[in-house]
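Okay, structure first, notes after.
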Amino acid sequence: MVDHVFGAYIIHRNIAREPIDQEFANLMQVDLLIVTAIVSEFSSIAEGIGPSGRRHEDYRLQVNRLGGKTVVLMQMGMGPSRARRAMKWAFEHIDPACVIMVGIAGGLDPALPLATKVVPFRVIDEHQGEITLTEKHPWFEETSPKTSLLQTDRIILQATQKSELFVRTGARAVDMESLAVARACNEAGRPIQVVRFVSDRAGDSLPSEIVGLVDEAGNPRLMTALGRIIRRPTLLRELLTIERSNKLVATAMRSWGRELRARITERS
């Protein structure tokens, strides 16, 4: 089913297991797909570019018309395997003309302050995987010519781990999805840009209890968080510190969403 909510079309069905509605398939050509991993990223970008969508069983989607162009915002979930599955669905069903991957990243370079925007020229992994992001598009920003982004399959918690990865790979920041998304775009012949915002600095260590506080789909597990706080009450203070950092990052992502909206409107 396709609902009309505040001018945006919200798809809320089990899209991974059921064929997409023909009504949606015929509705539009998708000019840009913006992909995020977790709900906080989705919500921040949605506030910048337009009204928010709502959750359905597999993915969260929001569709906006900006400057006569169709822009789809998608929350695909966390990790490389989830990213691969989501991008396979996206290219099979909505076939976007170009893609921007946007969200948070852990800082590896000590020179990167909190909420710094990272626009890498290449994404890599720990197994010699590498894709150079050289495509040009009117809606894309200039990439940083000396900036690499590392994809891992886990959250990097300790400052010592970040330091080791920085020295070994030269990457300035780390995430869990960008290389998988970039590979899917390369295979589909679509231009891709990656934009990340530093959510924890290179010198920041994170509590091990944050692992598992967000599910695979990218949504928070509030009861899990509550249980861990009950077991270790001092965790609450650490989570509140992280939340203050997240608010700064959310502000930066909202601003980016507004800037993107302006670029699309002006250059369409």
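Give the residues of region 60-95 that are in contact with a helix residue (DSSP H, G or I) (Cβ under 9 Å, 6 or more places away or on another chain), within 24 Å of Ala252 (Cβ to Cβ) and part of a loop (DSSP other than H, G, I, E, B), sorted by residue number. Hits for region 60-95 are Gly67, Met76, Gly77, Gly79. Does Pro220 count as under 18 Å from the mean Cα position of the chain (by Cα), of a type outside the set (A, V, I, L, M) and modelled with pLDDT under 95? In short, yes.
Contact annotation: residue pairs with Cβ atoms under 6 Å, 6 or more positions apart or on different chains, pairing a residue in region 77-91 that is crowded, with 19+ Cβ neighbours inside 10 Å with a partner that is part of a helix (DSSP H, G or I), are Pro80/Ala180; Ala83/Ala180; Ala83/Val181; Met87/Val181; Met87/Ala184. Among the residues of region 130-157, those identified as part of a loop (DSSP other than H, G, I, E, B), of a type outside the set (Asp, Glu) and either farther than 14 Å from Val181 by Cβ or in contact with a His (Cβ under 9 Å, 6 or more places away or on another chain) (or both) are Thr134, Lys136, His137, Pro138, Trp139, Phe140, Thr143, Thr152, Arg154, Ile155, Ile156, Leu157. Just one of the listed residues (Val118, Val195, Val174) is under 23 Å from Ala90 (Cα atoms), among the β-branched types (Val, Ile, Thr) and surrounded by 20 or more Cβ atoms within 10 Å (Cβ to Cβ), and it is Val195. Against the conditions (1) part of a helix (DSSP H, G or I); (2) surrounded by 17 or more Cβ atoms within 10 Å (Cβ to Cβ); (3) among the hydroxyl-bearing types (Ser, Thr, Tyr), Thr160 satisfies every one except (2).
Would you point out which residue out of Arg228, Arg263 is surrounded by 14 or more Cβ atoms within 10 Å (Cβ to Cβ), touching a residue at least 60 places away in the same chain (Cβ under 8 Å), of a type outside the set (S, T, N, Q) and in a helix (DSSP H, G or I)?
It is Arg263.
Any residue at all in region 117-140 that's small (Gly, Ala, Ser) and either modelled with pLDDT of 95 or more or within 25 Å of Arg261 (Cβ to Cβ) (or both)? Looking through region 117-140, none of the residues is small (Gly, Ala, Ser) and either modelled with pLDDT of 95 or more or within 25 Å of Arg261 (Cβ to Cβ) (or both).
Would you check which residues across region 185-225 are of a type outside the set (A, V, I, L, M), part of a helix (DSSP H, G or I) and over 29 Å from Leu133 (Cβ atoms) and list them?
Once the filter is applied, which keeps residues that are of a type outside the set (A, V, I, L, M), part of a helix (DSSP H, G or I) and over 29 Å from Leu133 (Cβ atoms), region 185-225 yields Ser208, Glu209, Thr224.
The values are calculated or read from the model by the stated rules, or taken from the named source; none is laboratory data. Since the structure is predicted, the reported quantities are computational estimates derived from the model, not experimental observations. Note that each Cβ is placed from the backbone with ideal geometry, even for glycine, and that neighbours are counted across all protein chains shown.
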